[in-house]
Amino acid sequence: MIIQVLLHAEFENEGLIGEWAGLKGNIINRTALHRGEAAPPKDGFDMLVIMGGPMNVYEEEKYPWLAHEKKFIKETVSSGRPVLGICLGAQLIACALGAGVRGNPEREIGWFETRLLSGAGKTRAFSGFPDKFVPFHWHGDTFDVPEGAIPCAESEACGNQAFVFNEKTVGLQFHLEFSREGLLMISDGCADDLAPGEFVQDIREFFKDDGLFEKSRELLFLLMDNLSSARPVA
């Protein structure tokens, strides 16, 4: 399987998704949109993964490629191939499907408990997930759930943490893909976000518990297994 990854920043890549892909014998292709690289051919991949980034989905004047990316995402979703969006990626999917994206009442940065909603149990993507888990969060915006999508998770700081659309498209506001190295990269690249707040942890809290990284890795691999099983069989 060929997995196409859309990147928006030097310090935020596919992380542990690359490890999962390697173990499964899958191929990762990357397009760095922030460097001006063009979107790949529409028929050149089997799954689309859209990563995070420091920009907002509504900053098209500053980042003109956002408009083209949203169109590309909408077309890929319509094609029936699996699509995963993480953080900014989830917001881009929501926007491409006609939902709103706006500032969240609180910045949410750190390890915070996230709870599955009842609708998550109806989806293949979240099959096997626990009712509660503690992923890493790094965001200031939030998305509305697109029309026809199933809202799947919430946290205390943010009511919309995940959705599934047409079984094969998943948006995650939180991060499961961070290794310690990946979290160090975004902590350096987005250090200005770490001003004190009710839901902003001290950076020292990010790296205190190796078990949180391991559990996130387990859940990421489960999600990727579930989502890849939705891939059309040729």
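Note on residue 71 and residue 193: the extension gain reaches 41.0 nm, defined as 0.36 nm multiplied by sequence separation minus the Cα-Cα distance.
Sequence-ordered 3J(HN,Hα) estimates for segment 163-173 from the Karplus curve with 6.51, -1.76 and 1.60 and θ = phi - 60° stand at 8, 10, 10, 6, 6, 10, 10, 10, x, 10, 6 Hz, glycine and proline given as x. In terms of packing, defined here as the mean over residues of other Cβ atoms within 10 angstrom, the peptides 123-130, 208-215 line up highest first as 123-130, 208-215. A convex hull fitted around the alpha carbon atoms of segment 150-234 yields 122 Å³ per residue. Cross-link pairs exceeding 27 Å between alpha carbons, from the set 24/71; 70/168; 122/208: 24/71; 122/208. If you average the C-alpha positions of segment 112-166 and of segment 15-82 separately, how far apart do those two centres end up, in angstrom? Answer, in whole Å: 21. Computed from the alpha carbon atoms alone, the convex hull of the chain holds 114 Å³ per residue. Within segment 2-228, DSSP assigns beta bridges of which about 55% are antiparallel (rounded to the nearest 5). Springs between Cα atoms under 10 Å define the GNM used for the chain, and in it the highest mean-square fluctuation of 139, 68, 34 occurs at 68.
Here the 3J(HN,Hα) profile of segment 152-162, calculated from phi with Karplus coefficients 6.51, -1.76 and 1.60 at θ = phi - 60°, is 10, 7, 8, 9, 4, 8, 8, x, 10, 10, 6 Hz, Gly and Pro shown as x.
Could you estimate the translational diffusion coefficient of segment 1-90 from the Stokes-Einstein equation, with Rh from the Kirkwood formula over C-alpha pairs, at 10 °C and 1.306 mPa s, in whole µm²/s?
Here the translational diffusion coefficient equals 120 µm²/s.
Contact order, relative form, for segment 2-228: 21 percent (alpha carbon pairs under 8 Å, 6 or more residues apart, mean separation divided by residue count). For the pair residue 166 and residue 205 in one chain, pulling the backbone fully straight at 0.36 nm per residue adds 10.4 nm over the alpha carbon distance.
Close amide H partners of residue 104, meaning residues 5 or more places away or on another chain with modelled amide H under 5 Å apart, are 141, 142.
The modelled label-to-label distance for the pair residue 214/residue 58, using points 7 Å beyond Cα in the direction of Cβ, is 4.3 nm. Computed extension length for residue 181-residue 113: 22.3 nm, one decimal, from 0.36 nm per residue of separation with the Cα-Cα distance subtracted. For the chain, modelled as a GNM whose springs connect Cα atoms under 10 angstrom apart, the maximal fluctuation among 41, 82, 151 occurs at 41.
Taken together, the values in this text are just the output of simple stated rules run on the coordinates, not laboratory data. A quick note: this is a predicted structure, and the numbers were derived from the prediction, not measured. Please note: Cβ atoms are built from the backbone with ideal geometry, for glycine as well, and neighbour counts cover all protein chains shown.
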